[in-house]
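Data block below; observations after.
The values are calculated or read from the model by the stated rules, or taken from the named source; none is laboratory data. Keep in mind that this is a model prediction, so the values were computed, not measured. Note: ideal-geometry Cβ built from the backbone for every residue, glycine included; neighbour counts use all protein chains shown.
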C-alpha cells in the first residue's frame, strides 16, 4: 500500500531515552527520520493462533453440534449432517458453508480460504487455521451451521437471540 502510514512504537537511538515513541513510518518499516528505525509486525503475529481446541470450542458452542471421527480426523455434525472436519495435515479445516459463502471468503482472503481440485464443485471451503482470525472462523462456522441445521433449529436459535436482545434493551440503566 504505497503512501500508507503505519503508527508503531519504536525506541529512539538517543542515549538516555526512557520510553518508546509513537512515530509515523512507512509500511515496510523504513526510516521515519534520521535517528529512528521502526519495524512493523505482521498482523498475524498479534492475533492468537487458532488451533483444533479453538475450532472444537466454537463448533460445539453451536446448538446440537456433535463431534465425531470423520475420515480419521475430528469432525463436527449438526443433527447428523456434516458441518466441518479437520484435514489430514492438522492445520486446515474443511467447512461445508455453501457456494456463496465459499466464493465470498476466497475472494476476500485467498491466503486463508481456498479450495483444492478435490473440493471444486462442492459447497466447501478450506481454512488455514494458522492464518484465520477468530471472528472469521466464528462467522464461517456459524454460516455452515445455518446451511446444514434443520429449519426448526435455526428458527429456535433466531427466537432465542431475539428474546435476548429485547430483554437487554428493556433493562433500566443504573
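Inclusion of residue 109 among residues that are without any contact (Cβ under 8 Å) to a residue 40 or more places away in the chain, surrounded by 14 or more Cβ atoms within 10 Å (Cβ to Cβ) and more than 22 Å from residue 69 (Cα to Cα) is warranted. List the pairs whose first member sits in the stretch 53-66 and is free of Cβ contacts under 8 Å to residues at least 24 places away in the same chain and in the same structural domain as residue 146 (by TED's automatic domain parsing), whose second member is assigned to a helix (DSSP H, G or I) and surrounded by fewer than 15 Cβ atoms within 10 Å (Cβ to Cβ), and whose Cβ atoms are under 9 Å apart, counting only residues at least 6 apart or on separate chains? Every condition considered, the pairs that remain are 66/60. For the stretch 143-159, indicate whether the set of residues that are outside any helix (DSSP H, G or I), at pLDDT below 95 and farther than 19 Å from residue 90 by Cβ is non-empty. Within the stretch 143-159, one or more residues are outside any helix (DSSP H, G or I), at pLDDT below 95 and farther than 19 Å from residue 90 by Cβ. Residue 110 passes every criterion in (1) assigned to a helix (DSSP H, G or I); (2) more than 16 Å from residue 57 (Cα to Cα); (3) within 14 Å of the chain's Cα centre (by Cα) apart from (1).
Only residues that are out of contact with any strand residue (DSSP E or B) (no Cβ under 6 Å at 6 or more places or on another chain) and free of Cβ contacts under 8 Å to residues at least 40 places away in the same chain were counted in the stretch 69-84, giving 4.
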